[in-house]
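Everything below concerns the one structure shown next.
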Amino acid sequence: MTDHDRDHDHDHTHTSPDAWKHTGVRVVPGDSLDHNTAQTPGMDRAAAINLARVGAQKLWAGTVTIHANAKTGAHHHGHLESVIYVLKGKARMRWGDELEFVAEAGPGDFIFVPPYVPHQEINASADEALECVLMRSDGEAVAINLPDVVPVEKPENVKWIDPTHPE
């Protein structure tokens, strides 16, 4: 055990038997998500994990369904990092100052959006909803719309290269 571990090792022998009952692990059933969140036309967001619902201090997690053929406008999420996990459908992400880069993701794929990156989420299907799990690195909802961004007509397709296994 390191000094750091010792400093942060909590002696729970003096804790009452029910102390962790409602403040420990929380399981939020899929049919109990909160749809009273900021919404974008063509998208349905629902919160599962946030400060108000479970006391989360450093993240937000929920679901988003993007209707067939729907897309967001250009925007960024300020200082927040975002992760999108695709459950069903085909996501098309455009990013850059003129949305000049593009990549697609399907079921089982993860999408990482760094802080301040201008981007646009697009459902690449004309007839199937895109269903995703969304996680952000803070409980606050930050979305800065960028109405002056004029997307390039033909964005460059970008494939991910794993920096830990570049070959």
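Whenever you get a sec, line up Asp18, Asp44, Asp31 from highest to lowest accessible area (probe 1.4 Å, protein heavy atoms).
The ordering from most to least exposed comes out as Asp31, Asp18, Asp44.
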- Item | Most positive-pole-ward Cα, Pro115, Asn69, Leu130, against dipole of region 32-157 from beta carbon charges | Leu130
- Helix-only [θ] at 222 nm, the chain, -39500 (n - 2.57) per DSSP H run of 4+, per residue, nearest 500, equals -1000 deg cm²/dmol
- When ligands, DNA and RNA are left out and all protein chains stay put, how many square angstrom of accessible area per residue does the chain have with a 1.4 Å probe? 67
- Message: Charges at C-beta only: +1 for Lys and Arg, -1 for Asp and Glu. How large is the resulting dipole of region 87-145 about its Cα centre, in Debye rounded to 20?
- Response: 120
- DSSP-defined beta bridges in the chain - what % are antiparallel, rounded to 5: 95
- Dipole of region 1-156, Cα-centred, from +1 at each Lys and Arg C-beta and -1 at each Asp and Glu C-beta, to the nearest 20 debye? 400
- Query: In region 23-63, which trypsin sites (Lys or Arg not before Pro) are in a loop and have at most 12 other Cβ atoms within 10 Å, using DSSP for the loop call?
  - Reply: Arg26, Lys58
- Task: Please find the FRET efficiency linking Asn157 to Tyr116, where r is the Cβ-Cβ separation and R0 is fixed at 22 Å, and quote it to the nearest 0.05.
- Result: 0.45
- Task: Please report, as a whole percent, how much of the solvent-accessible surface of the chain comes from carbon and sulfur atoms (probe radius 1.4 Å).
- Result: 55
- Query: Kirkwood hydrodynamic radius of the chain from all distinct Cα pairs, in Å?
  - Reply: 18.1
- Scan region 110-164 for chymotrypsin sites (Phe, Trp or Tyr not before Pro) in coil per DSSP, keeping those whose Cβ has at most 16 other Cβ atoms within 10 Å, and list them by number. Tyr116, Trp160
- Note on the structure: Nearest-0.05 FRET efficiency for Ala19 and Asp127 at R0 = 35 Å, using Cβ-Cβ distance, is 0.10
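The values are calculated or read from the model by the stated rules, or taken from the named source; none is laboratory data. If you're wondering where the values come from, they're calculated on a predicted model, not measured in any experiment. In this analysis, Cβ positions are derived from the backbone assuming ideal geometry, glycine residues included, and neighbour counts consider all displayed protein chains. Ligands, DNA and RNA are excluded from the accessible area calculation, which covers all protein heavy atoms including side chains. Shrake-Rupley method; radii C 1.70, N 1.55, O 1.52, S 1.80 Å.
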